[in-house]
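Below is one structure; the comments refer to it alone.
Computed from the coordinates by the stated procedures, all read-outs in this text should not be read as laboratory data. Just so you know, these numbers come straight off a predicted model, no measurement behind them. With ideal geometry, Cβ positions are generated from the backbone for all residues, glycine too; neighbour counts draw on all protein chains shown.
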Amino acid sequence: MDSDRFDRMRRIGWLDMDRISLSRCLVAGAGALGNETVKCMVLAGFRKIDVVDMDRVAGSNLSRCVLFRDGDEGCRKSEVLARRAKDLYPDAEIRPINSKVQDLTEWDYDLVLGCLDNFSARMHVNSHAVYHGLPYVDGATDGMTGKVQVVLPGGPCLQCASNGSHARTADLRFSCTRDSHVFVPRMAAEITTTSVIAAVQVREAEKIASGRTDLCAGGITYYNGEDGTMDTVGLDIDPDCPNHPGDRQ
Ligand SMILES: [Zn+2]
């Protein structure tokens, strides 16, 4: 049994390694959260992964991105991430897509994971996932805190959980680095928060891929790394959310 790469995972009853292996996944974002998420995914047996990101590696990424190395600065994040992740699991088929997620035209996936750093891109992915009936696992971090939301077909989405202040900042692109053509406030970020949030995302993705959405965390899971707490807050479909027109009375 020790020759079977996934023997120890097969001992967890509800994990379906065959379905995980066959799930076609999109990871939106190849920054810190994308690095941790893809790392966990390939080690967990996810094999078919597209990674979309338009950015290039910067020196300040290196404190949080497990698959980036000194010397990668200036290279495309999605390409570096795909290449290094394949080192971790050579059977993986990881396709880098060097573009904004808003320019993605193909949504032929079983599962979408959001590892994005700005509200408008996350709303874009959320809307497309809901429209195409795809499960979407969104992750976000801010310094020592973070959150994960699982959006399942027919359930509440990211926009159901958003409010006016979110919308007002929709056009700001929050990032840990500064892009030359976009105003980008630098946000605090730290690897242990990133690791926790990515791990929760991939755990939820394992449930979805295994056909066990009944086990998924409902609502939004909040992590506070300063006081060491994790709480899940329930969420209902917002009747005014434009992503659920069929649910209106
Ligand atoms: Zn909604």
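Annotations for the structure displayed:
- Close Lys pairs in segment 7-247 (alpha-carbon distance under 23 Å; sequence gap of 8 or more, or different chains): 16.
- Within-10-Å neighbourhood charge of residue 50 [Cβ basis; K, R +1; D, E -1]: 0
- Taking the Cα centre of segment 7-247 as reference, the dipole from Cβ charges on Lys and Arg (+1) and Asp and Glu (-1) amounts to some 620 debye.
- For the chain, the C-alpha radius of gyration divided by 2.2 N^0.38 Å, with N the number of residues, is 0.97.
- Low-density loop positions, trypsin sites (Lys or Arg not before Pro), segment 64-116 - DSSP coil, at most 16 other Cβ in 10 Å: 69, 100
- Longest segment of the chain lacking GluC sites (Glu not before Pro) that sit in a DSSP loop with at most 12 other Cβ atoms within 10 Å: 107-225
- Beta bridges per DSSP with both ends in segment 7-247, % antiparallel, nearest 5: 50
- Remark: spin-label model distance residue 107-residue 163 equals 2.8 nm, labels positioned 7 Å along the Cα→Cβ axis.
- Exposure proxy for 60, 3: other Cβ atoms within 10 Å of each Cβ, ordered fewest to most, give 3, 60.
- Gained length - residue 203 relative to residue 217, 0.36 nm times residue gap less alpha-carbon distance: 4.0 nm
- Extension gain for residue 19 to residue 1 (0.36 nm times residue separation, less C-alpha to C-alpha distance): 4.5 nm.
- In loop segments of segment 1-45 as defined by DSSP, the trypsin sites (Lys or Arg not before Pro) with at most 10 further C-beta atoms inside 10 Å of their C-beta are 11.
- At 1.567 mPa s and 4 °C, Stokes diffusion of segment 114-157 via Kirkwood alpha-carbon radius, µm² per second: 121
- Ordering 105, 58, 216 by the projection of their Cα atoms onto the charge dipole of the chain, which places +1 on the Cβ of Lys and Arg and -1 on the Cβ of Asp and Glu, puts 58 at the extreme positive end.
- Projected label points at residue 230 and residue 99, each 7 Å from Cα along the beta carbon direction, are separated by 3.5 nanometres.
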